[in-house]
Amino acid sequence: MSTLLLRAATAALGVALDRLCGEVPRAHPLIGFGRLAGGLEAALNRPSSGDLPRRLMGIGALLALIGLPTLLLAAVPRHPLFDALVLYFTLGWRSLGEHAAAVQAPLMAGDLPAARAAVSRMVSRDCAALDEAAVAAAAVESVLENGNDAVFGALFWFAVLGAPGALAYRLANTLDAMWGYRNERFLHFGWAAARLDDLLNLAPARATALAYALCGDARRALACWRTQAGAWKSPNAGPVMAAGAGALRVRLGGPARYHGAVENRPLLGAGQPATAADIGRARALVGRSLALWLAVLLALGLLAP
């Protein structure tokens, strides 16, 4: 069996574990990693230190938190079953679907307050005053964007570098979620985490966008990607969300309130405003795209010498 075919089979096992088991509720390794990262940031990120020292501290913390575990994992002998377990811990496909379903069910039942509460656990915008269309749009946007962050990014780096690649990606993505804010506290300390996450997502995000296009309305998805992605503030979320919205034939983006201030975001996609049913369609699109990725990996493994 070729190395690539073995890696494809291991990837399929890791995805299956995520689908069957979901996230470990209490003892997930990322919970401990988050606590460690939070403690290290509190100790090192001191405003009185100045901008450059804070940036250097952020780089050092990043290297310690990502580099050391990744190098250790790469150095030790590993069984494919262990690699599948590592991949499982880096994936969040089932969890993403469960969060989305928790929004869709009350929204379809007409329980807007419950839907708002559920979607507030998926997005960072202010959700208290969202109407039904805005709740649906927020959930669809989260499913599409996190399809890359919680599924395809880790799977991409697993395919390229094996378990160490998936681990490095997930740790970098976690630190970006914790530190990658452009505010006074994290602008300098979190600079390296945000840039590394952008770099690691350059290829996966575009592969995700292409998969969304191929698994939906391809012509519309590619047109939205080409004309709309560049206007989005994130160079990686733009292609993913524009292609995903086009593939689903829905309109996303537009004004949203964050921390009391309205942000006028560009429009994405084309067609009708999102509805509760489109949340399920977005979940299905991620699922079809994941099946396509695994099929391509298997095909490449079978063709490899």
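Details
- Top-ranked residue in segment 123-132 [being in contact (Cβ under 8 Å) with a residue 24 or more places away in the chain and part of a loop (DSSP other than H, G, I, E, B); ranked as farthest from residue 146 (Cα to Cα)]: 129
- Only one of the listed residues (36, 30) is farther than 25 Å from residue 152 by Cβ, under 24 Å from the mean Cα position of the chain (by Cα) and modelled with pLDDT under 95. That residue is 36.
- Considering residues of segment 42-64 that are among the polar types (S, T, N, Q) and part of a helix (DSSP H, G or I) only, the residue farthest from residue 197 (Cα to Cα): 48
- If you go through segment 22-51 and keep only what is more than 27 Å from residue 93 (Cβ to Cβ) and touching a residue at least 12 places away in the same chain (Cβ under 8 Å), you end up with 40, 41, 44, 45, 47, 51.
- The residues of segment 83-102 that are farther than 22 Å from residue 159 by Cβ and of a type outside the set (Gly, Ala, Ser), listed by number, are 98, 99.
- Residue check, residue 280 in contact (Cβ under 8 Å) with a residue 12 or more places away in the chain and in contact with a Lys or Arg (Cβ under 9 Å, 6 or more places away or on another chain): no
- Residue in segment 8-24 that is more than 30 Å from residue 303 (Cβ to Cβ), part of a helix (DSSP H, G or I) and modelled with pLDDT under 95 present: yes
- Residue match in segment 209-231 (condition: at negative phi, surrounded by fewer than 18 Cβ atoms within 10 Å (Cβ to Cβ), modelled with pLDDT under 95 and part of a loop (DSSP other than H, G, I, E, B)): no
- In segment 254-278, residue modelled with the lowest pLDDT [restricted to those that are more than 17 Å from residue 142 (Cα to Cα) and part of a strand (DSSP E or B)]: 261
- Verdict on residue 147 being within 15 Å of residue 283 (Cβ to Cβ), modelled with pLDDT of 95 or more and either buried (at least 23 other Cβ atoms within 10 Å of the Cβ) or touching an Asp or Glu at 6+ places or on another chain (Cβ under 9 Å) (or both): yes
Here's the yes/no breakdown for (1) surrounded by fewer than 20 Cβ atoms within 10 Å (Cβ to Cβ); (2) aromatic (Phe, Trp, Tyr); (3) part of a helix (DSSP H, G or I); (4) at pLDDT 95 or above:
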{"position": "40", "(1), (2), (3), (4)": "yes, no, yes, no"}
{"position": "66", "(1), (2), (3), (4)": "no, no, yes, yes"}
{"position": "70", "(1), (2), (3), (4)": "no, no, yes, yes"}
{"position": "73", "(1), (2), (3), (4)": "yes, no, yes, yes"}
{"position": "77", "(1), (2), (3), (4)": "yes, no, no, no"}
{"position": "84", "(1), (2), (3), (4)": "no, no, yes, yes"}
{"position": "87", "(1), (2), (3), (4)": "no, no, yes, yes"}
{"position": "105", "(1), (2), (3), (4)": "yes, no, yes, yes"}
{"position": "116", "(1), (2), (3), (4)": "no, no, yes, yes"}
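- Here residue 275 fulfils each of the conditions (1) touching a Gly at 6+ places or on another chain (Cβ under 7 Å); (2) β-branched (Val, Ile, Thr); (3) surrounded by fewer than 21 Cβ atoms within 10 Å (Cβ to Cβ) apart from (1).
- Take the conditions (1) touching a residue at least 60 places away in the same chain (Cβ under 8 Å); (2) in a helix (DSSP H, G or I); (3) within 30 Å of residue 37 (Cβ to Cβ); residue 184 misses just one of them, which is (2).
The values are calculated or read from the model by the stated rules, or taken from the named source; none is laboratory data. Since we're looking at a predicted model, the values are computed, not measured. Glycine gets a Cβ as well: all are built from the backbone with ideal geometry, and neighbour counts include every protein chain shown.
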